[in-house]
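To start, the structure under review is shown below, and the notes come after it.
The values are calculated or read from the model by the stated rules, or taken from the named source; none is laboratory data. These numbers come from a predicted model, not from an experiment. A quick note on method: Cβ atoms are made from the backbone with ideal geometry, for glycine too, and the neighbour counts reach across all protein chains shown.
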Amino acid sequence: MKRREFIEKTAVSTAMVGFGLSLSSFSKPDVKQITILHTNDVHSHIDPFPADDPRNPNMGGVARRASLIEAIRKENPNVLLLDAGDIFQGTPYFNYYGGELEFKLMSMMQYDASTIGNHDFDNGVDGLYAQMPFAKFEFLSANYDFKNTMMDGLVKPYKIFNKNGIKIGVFGIGIELDGLVDKRNYKETVYNDPVETSQEMVRILKKEQKCDLIICLSHLGYNYKNEPNTISDLKLAALTEDIDLIIGGHTHTFLDKPTVTKNRIGEEVLVNQVGCYGINLGRIDFFLDHNKAKSSMGKSIVV
């Protein structure tokens, strides 16, 4: 075995043991692995950063991300690829193509779902609607009500995915648009309370649909230490229950691995965010035994 392969396998094995599972448990056929890959706040960054960039030299780029995703899918076919919003705005690609290129490339990478960020309204509801035919993946937002806009019917509150006999419920939650986005851009879009909406989504997905894993795609922001009354991913986790993973965006927070926090009944919730601009790809692996008991491990992968 090559030295690099040995080091990588040893590191992964050590991480698995750290989650309280013996190595032998992962070799048993009744343990199922679900891999969640995710991005957030890519902001129209299609190309890698140039070699002379002072902060992110030679980092990112859609082609590299696509290769990385393909390699992971070969390793484990039971993959969900998700995005936490702010797909638009940040490079001339968006100014010229209006989001068409971003949606086409995400479709080619076979994204499964995305929520909607505030910058995805930068060309207005009309501009977002015009690009929807290029997206071959689901848009999920449970607390944005689009019924009085042309986006009505194009955004779902949640979607259930079945991977290797595991039911995974995914729902979207967006940030309050008032004061953040020009009213002319979001028009009659109605913002509903994210905590109440999340609990309703969990009731449907956990109690009615009997999902084994529940994931929230959030564009609320990771945390606001100086704004204690502002809802964030950490606060959402603390005020709800039965959410296994919150994948966040908006605050461009770089986490090396998911934050483990407690929900309102003391159970663990994972909260993750991988910065911005496609520099990182988040990976979280869930392991479920025959009783659907869950363990997990996660990391941020530099692209």
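Worth a mention:
- Residue in region 139-155 that is farther than 23 Å from residue 41 by Cβ, surrounded by fewer than 18 Cβ atoms within 10 Å (Cβ to Cβ), among the charged types (D, E, K, R) and in contact (Cβ under 8 Å) with a residue 60 or more places away in the chain present: no
- Enumeration of residues in region 240-286 that are under 27 Å from residue 64 (Cα atoms), touching a helix residue (DSSP H, G or I) at 6+ places or on another chain (Cβ under 8 Å) and not aliphatic (A, V, I, L, M): 248, 250, 259, 273, 278, 283
- Candidate set: region 196-221, residues that are touching a Leu at 6+ places or on another chain (Cβ under 7 Å) and farther than 15 Å from residue 141 by Cβ; chosen: the one surrounded by the most Cβ atoms within 10 Å (Cβ to Cβ): 214
- Tabulated pairs, region 21-39, first exposed (fewer than 15 other Cβ atoms within 10 Å of the Cβ) and assigned to a loop (DSSP other than H, G, I, E, B), second small (Gly, Ala, Ser) and at pLDDT 60 or above, C-beta under 6 angstrom, 6+ apart or interchain: none
- Residue match in region 105-112 (condition: in contact with a Ser or Thr (Cβ under 9 Å, 6 or more places away or on another chain), within 29 Å of residue 237 (Cα to Cα) and in the same structural domain as residue 202 (by TED's automatic domain parsing)): yes
- Any hit, region 289-297, residues being assigned by TED's automatic domain parsing to the domain that holds residue 41, out of contact with any Leu (no Cβ under 6 Å at 6 or more places or on another chain), modelled with pLDDT of 95 or more and under 29 Å from residue 204 (Cα atoms): no
- Residues satisfying the stated conditions in region 66-120, i.e. closer than 21 Å to residue 177 by Cα, of a type in the set (D, E, K, R) and not in a loop (DSSP other than H, G, I, E, B): 83, 120
- Every residue from region 114-138 that is under 19 Å from residue 214 (Cα atoms) and either buried (at least 23 other Cβ atoms within 10 Å of the Cβ) or of a type in the set (D, E, K, R) (or both): 114, 115, 116, 138
- Every residue from region 121-145 that is under 21 Å from the mean Cα position of the chain (by Cα) and outside any loop (DSSP other than H, G, I, E, B): 121, 128, 131, 132, 134, 138, 139, 140, 144, 145
- Pairs where the first residue, in region 119-138, is assigned by TED's automatic domain parsing to the domain that holds residue 171 and closer than 13 Å to residue 102 by Cα and the second is among the aromatic types (Phe, Trp, Tyr) and part of a helix (DSSP H, G or I), C-beta under 6 Å, 6+ apart: 131/103; 134/103; 135/103
- Of the criteria (1) farther than 18 Å from residue 158 by Cβ; (2) outside any loop (DSSP other than H, G, I, E, B), which one residue 236 fails: (1)
- Residue check for residue 126: touching a Leu at 6+ places or on another chain (Cβ under 8 Å), charged (D, E, K, R) and more than 18 Å from residue 303 (Cβ to Cβ): no
- Across region 251-269, not a single residue is classified as assigned by TED's automatic domain parsing to the domain that holds residue 196, small (Gly, Ala, Ser) and assigned to a strand (DSSP E or B).
- Selection count where residues are within 14 Å of the chain's Cα centre (by Cα), closer than 19 Å to residue 141 by Cβ and assigned to a loop (DSSP other than H, G, I, E, B), scope region 239-250: 4
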